[in-house]
């Protein structure tokens, strides 16, 4: 081995012989992969470390629209020390009349049990029933300072402090927080029978007690109470879900970049092997056994690959800290900024497997070089690999795929992603072969420079197929993502303003419906007001099986998670269509019936006639499923997954919700002012603000994914440039011979231009077609939106890629283009 | 009676396949005793280099038997042949074939290092001094003239103290003056090492230096 080291060190003095490209491809690919996996791991670690402070205790038990009963309170006390808070939406109304929606919490003195309420300097926690603390976004928007007075519900409050952070479960908060004490909450007058509020109990468990088991135990004991349990490991689960989803998209792109990089590495390893054949033959001539040759080559490759993996890992190690500093305002949980050793270890192992898979064939073939070839002056050819030698790279690829799938948070997505990449790679390999055939058919066209350019696409050893995959894979992904995102954004821009109401009103007392109607008629003439009853409650049993006893809740069965909005209606709501069963008659007065969203029903495997039990204010109500509905969610109205028949749940106290489409009147400001004056318990949500927030979020995800995809395309350019460099000897020979017979530099450059233009244009057109088809399928069938992408942008992407590819290839070919014939002849 | 150093018995070699299949050697027999020098003279394409490849174990004959220092080469694998070359053979080629990334001393030391010789560098140094290149130890092949490169190749071939030196057109890439110097050096070093020498050449002047000359024509040997 010592000898192999020595020989490798000396051999490397002669240059990297293609290993530079291998270094670059591997380093960039591992940097991408390690960054994505490190980021996911750092969020998990942060949640694990901060979970307790995020939910304010070891366990958070919450229930909608009521407080715990005496029995439940006793059970909570038995679990450990607890703190109580009541939350609901409320309007903050500034002295000037400007209003803003906030998430109001009325907390007892013990709240929070873990973590802390962080206030801006100069502020303090509300100390009496007349004080409130609000989030900095609300204070800024309403121009409020500590000491200012403003209205909250039916009462006036003094601003005691500005909240910088506080324990609150969930990922993204759409509204800023507001905090009062229990007496303050009572003063607001907002807690009425049927108000859409929830009561949460933070609990500190005795050391060693499992919070998950404690939560499940409580839920099982009070299974009909509709309790939701969140343990400290689930704190920030919204953030985790967001990062997981974004992480999945980024993982797909990172894997594509890795596949492209793998192709570059294979080219690089082949160039390296070719550059070493002469030395290998000489070493064998003077007595070196194959094992020594193999060891020498592996040491050289291992050194370069090791350095590349280290460089990639360094980027991956720094990513969580970088993202933590950038995303702090966006994410509820800042990623753990420390290097994620587990994720880095996986990425390193992945790097080793990919290096092996990409280079083993070339190394094995090079070590078969026969010294007798030296006698004939031909050591360039490579013998075909034995079957045994082909199996090892395939095994390494399989192991890498298995590692990716096993370590992904969503195994199915990772497996599908690898499948998509493999299918795309196969398609582009076929397109590469087609380009070769086309070139074969066209190579007699045009003058000598054109002919040479076309023929180069089909010359022996041309990397046309490999380059088609390298350029096409990233480009197809970018086009598909851009077309999907632009379609969705266009849908939001065009459909929502037409269909969506201007305001959502929440917590309208049922006896104030007439007043709201009158107000809308006078302040917003011609407006369209729709009122629906609204309750909240969880599904507590499906066909008699308690949800608390269901081990694995299916992915699409979101109606089983937490409280859901419930309503009742005698007529089928607008934008709803019955797809199975029947809607009940308008005058139905029989046993409880319910109509379910068909997608949720499918995820749960429900049939018409099955039963669903919901908890309303702690009371279980079992209803038979009468119909499934297809809901057009784009209608932006009230779309309840569960709609009950009259008589099922309307005996419980409830409030009303309303949507208002302003009609001819553009501004709702006057209506809002009267609303907060006359009905201070009603909260108004401005749809435009929610849409803007959603668009900003979608935009940031789209931006992150596009940047990552750009990285995959850059990888393709590196591979293209590397491939040109690898064929420089052949290029130089062609160019020198052309110049010997009188071609100018311009004519020679044109031959290269013809080659790269043809290749990149054909690949770009194929990528555009494939990407658009993929996006159309995704947008039409998955999102159920109309396909209306930003065509100029879609065409600009492949056009830009063509220019980039030609530029990269010409830059790589420049040394050969500049070769003087005399110099070139000596080098031939 | 000691076995000949080279013992070829009725060796035939065919290269290529199908229509391009060519009979390179046709029933060649040749013996070379220890310390003996033999020149193989013949025109281009007569099979001289293939004969050398067969003797060095670089090609395997289709028929016939090849023995080197009494050892039949047929049952030996590629690695065993490589070790045999490292131990018993020194090979000098027309195009020098030095490792371009190694200095002169490193090139000469390689076969010694492969054979596990402890003082490989010292021996390489003395071999280079013996061929008159003591002042060029740290030069790379590209920094040496053709004649100097061939001297390094001779030093590399003789450094492991082989029993047999094989030289394939050792002066083919050199001018006549330099070539003559190389031939002198080759015979001198072979004599000093007590090694047998087989020189492949098309130059009668080179062949005349050998103790025995055989002629090769169309894949067949004539004494």
Taking only the alpha-carbon positions of segment A:582-701 as identical scatterers, the Debye log10 I(q)/I(0) at q = 0.11, 0.13, 0.20 Å⁻¹ comes out as -0.58, -0.78, -1.14
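If you build the Cα gyration tensor of segment A:127-166 and take the root of 5 times each eigenvalue, what three semi-axes come out, in whole angstrom, biggest first? Write down the numbers at each step before the final one.
Working: eigenvalues 48, 28, 15 Å².
They are 16, 12, 9 Å, listed from largest to smallest.
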What is the list of residues in segment A:289-330 whose amide nitrogen lies under 12 Å from a point 7 angstrom out from the Cα of residue A:5, following Cα to Cβ?
none
Can you tell me the Rg and the Dmax, both Å, for the Cα atoms in segment A:65-158?
15.6, 48
Taking the inverse of the average 1/r across all pairs of different Cα atoms in chain B, what Kirkwood radius in Å do you get?
17.7
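Can you put A:13, A:84 in order of Cβ neighbours within 10 angstrom, beginning with the fewest?
Numbers: A:13 13, A:84 19.
Ranked by crowding around the Cβ, least crowded first: A:13, A:84.
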First obtain the Kirkwood hydrodynamic radius of segment A:670-803 from its Cα pairs, then insert it into the Stokes-Einstein equation at 37 °C and 0.692 mPa s, and state the resulting D in µm² per second as a whole number.
164
For segment A:1-45 the translational diffusion coefficient, Stokes-Einstein from a Kirkwood Rh over Cα pairs at 25 °C and viscosity 0.890 mPa s, in µm²/s, is roughly 188
MRE, 222 nm, helices only [DSSP H, n ≥ 4, -39500 (n - 2.57), over chain A, to nearest 500]:
-18500 deg cm²/dmol
Taking only the alpha carbons of segment A:42-201, what extent do you get along each of the three principal axes, in Å, biggest first?
47, 41, 25
Grab the beta carbon distance between residue A:793 and residue A:570, set R0 = 51 Å, and tell me the FRET efficiency rounded to 0.05.
0.60
Taking R0 as 35 Å, what FRET efficiency do you get between residue B:217 and residue B:161 from their Cβ-Cβ distance, rounded to the nearest 0.05?
0.55
So how do A:670-682, A:699-711 stack up, highest first, on mean other-Cβ count within 10 Å?
A:670-682, A:699-711
Okay, helix-only estimate at 222 nm for chain B: each DSSP H run of n ≥ 4 adds -39500 (n - 2.57), divide by all residues, round to 500 deg cm²/dmol; what do you get?
-10500 deg cm²/dmol
Taking a crude spin-label model, label points 7 Å out from Cα along the C-beta direction, the residue B:10 to residue A:13 distance in nm is 5.1
Quick check: convex hull over the Cα atoms of segment B:59-163, volume per residue in Å³, rounded to an integer?
109
Over all directions, average the projected area of the Cα convex hull of segment A:672-728 and note it in nm².
4.8
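Give the average over all directions of the projected area of the C-alpha convex hull of segment A:115-237, one decimal, in nm².
Value for segment A:115-237: 9.4 nm².
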Would you please state the base-10 log of I(q)/I(0) at q = 0.14, 0.15 1/Å for segment A:585-650, with intensities from the Debye formula using one equal scatterer on every alpha carbon?
-0.43, -0.49
Grab the Cα-Cα distance for residue A:588 and residue A:224, subtract it from 0.36 nm times how many residues apart they are, and report the gain in nm with one decimal.
128.4 nm
Write down the Kirkwood hydrodynamic radius of segment A:553-604, to one decimal in angstroms, obtained as one divided by the mean of 1/r over all alpha carbon pairs.
12.8
Once both label points are put 7 Å beyond Cα along the C-beta direction, the residue B:79-residue A:182 separation in nm becomes 8.2
Directionally averaged shadow of segment A:173-320, computed from the convex hull of its alpha-carbon atoms, nm²:
17.8
Using a 7 Å offset from Cα along Cα-Cβ at residue A:667, what residues in segment A:113-151 end up with backbone N under 18 Å from the label point?
A:142
Shape descriptors of chain A over alpha-carbon atoms, Rg and Dmax in angstrom, are 33.2, 103
Ranking A:759, B:137 by Cβ neighbours within 10 Å, fewest first, what do you get?
B:137, A:759
Could you compute the FRET efficiency for residue A:326 and residue A:697, with r as their C-beta to C-beta distance and R0 at 25 Å, rounded to 0.05?
0.95
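Over segment A:427-486, what is the relative contact order in percent, taking alpha-carbon pairs closer than 8 angstrom and at least six residues apart?
That works out to 41 percent.
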Long-range alpha-carbon pairs in segment B:143-201, meaning those over 13 Å apart, account in percent for 57
Work out Dmax and Rg for segment A:619-661 from the C-alpha atoms and quote the Rg first, both in angstrom.
12.8, 36
Rounded to one decimal in nm, the spacing of the 7 Å Cα→Cβ label points at residue A:745 and residue A:630 is 6.6
Give the order of A:686, A:437 when sorted by the count of other beta carbons within 10 angstrom, beginning with the fewest.
A:437, A:686
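Scale the Cα Rg of segment A:533-640 by the rule-of-thumb value 2.2 N^0.38 Å and send over the ratio, two decimals.
1.02
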Restricting to Cα pairs below 8 Å that are 6+ residues apart, what does the relative contact order work out to for chain B? Please round to a whole percent.
30
Rh by Kirkwood over Cα pairs, then Stokes-Einstein D for segment A:423-522 at 1.306 mPa s and 10 °C, µm²/s
84
PRE reach from residue A:445 (point 7 Å along Cα→Cβ): which of segment A:753-769 fall under 18 Å by backbone N?
A:753-766
At a threshold of 8 angstrom on Cα-Cα distance, excluding pairs fewer than six apart, so keeping six or more, what relative contact order does chain A reach in percent?
17
Treating segment A:1-135 as a set of equal point scatterers at the Cα positions, no solvent, please give the Debye-formula log₁₀ I(q)/I(0) at q = 0.09 Å⁻¹.
-0.56
Along the three principal axes, how long is segment A:490-593 when you take its alpha carbons, biggest first, rounded to the nearest angstrom?
52, 42, 28
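Segment B:8-129: Rg/Rh from Cα coordinates, Kirkwood Rh?
Taking Rg over the Kirkwood Rh, I get 1.01.
Readers should treat all values here as calculations from the given coordinates under stated rules, not as data from a laboratory. Just so you know, these numbers come straight off a predicted model, no measurement behind them. Note: ideal-geometry Cβ built from the backbone for every residue, glycine included; neighbour counts use all protein chains shown.
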